Amino acid sequence: MTIAAGDKIPDVKVQVPGPNGPEAAQTADLLGHGTVVLFGLPGAFTPTCSDHHLPGFVLRAEDLQAKGVDTIACISVNDAFVMKAWGEANDVADKVKLIADGSAQFTKAIGLDVDLTGGGLGVRSKRYAAIIKDGVVVDLAVEQTLGLDVSSADAVLARL
């Protein structure tokens, strides 16, 4: 079942890129305090994700913060090494917290996994954006197409 507005986010073990390699973290710690914009996507270094989705949030980070967002986080079914390299390639710095959900445990727990094994990608995440306040989903928008109609930084700004 897909997570919905009013639901508490699950507390799942994930990893974040650290200065000395991957660091274990819990989603409750990363996403459970203040106002968080979480966006999920199929994969780092994939065309739409790299060309538009992540860069949009990097460019609009100050605008999101001005609307009261404490944390902007991106989660993908990739390992922490890939997420770190992707962040460096996109000049993310401290604008977006990158979260590695390498085994798709969080993605499956919120019901937004998609099986792309036919295309050689394995289990991945649907493209989405959520607004979370103190660990509770306030708004969730899941893309129904391959585009960025509801999960882009601009679309999230319009819903804040």
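Before moving on, here are some points about what is shown:
- Top-ranked residue in segment 14-39 [being over 15 Å from MET83 (Cβ atoms) and of a type in the set (A, V, I, L, M); ranked as farthest from the chain's Cα centre (by Cα)]: ALA28
- Test for ALA158: is it among the aliphatic types (A, V, I, L, M), touching a Ser or Thr at 6+ places or on another chain (Cβ under 9 Å), modelled with pLDDT of 95 or more and loosely packed, with under 14 Cβ neighbours inside 10 Å: no
- Summed over segment 136-153, residues that are out of contact with any Asp or Glu (no Cβ under 9 Å at 6 or more places or on another chain) and not aliphatic (A, V, I, L, M) total 5.
- The set of residues in segment 118-130 that are part of a strand (DSSP E or B) and crowded, with 20+ Cβ neighbours inside 10 Å comprises ARG124, SER125, TYR128, ALA129, ALA130.
- Condition check for ASP149: farther than 15 Å from LEU38 by Cα and in a loop (DSSP other than H, G, I, E, B): yes
- Here ASP63 meets each of (1) surrounded by fewer than 20 Cβ atoms within 10 Å (Cβ to Cβ); (2) farther than 23 Å from LEU140 by Cβ with one exception, condition (2).
- Within segment 113-139, residues that are on the phi < 0 side of the Ramachandran plot and without any contact (Cβ under 8 Å) to a residue 12 or more places away in the chain have Cβ atoms under 8 Å from residues that are among the β-branched types (Val, Ile, Thr) and surrounded by 14 or more Cβ atoms within 10 Å (Cβ to Cβ) in these pairs: ASP115/VAL123; THR117/VAL123, counting only partners at least 6 apart in sequence or on another chain.
- Only residues that are of a type in the set (Gly, Ala, Ser) and either farther than 21 Å from GLN65 by Cβ or not in a strand (DSSP E or B) (or both) were counted across segment 131-146, and they come to 1.
The values are calculated or read from the model by the stated rules, or taken from the named source; none is laboratory data. What you are looking at is a predicted structure, and each value in this text was computed from that prediction instead of being measured. Neighbour counts are summed over all protein chains in view; Cβ atoms, including those assigned to glycine, are modelled from backbone coordinates with ideal geometry.
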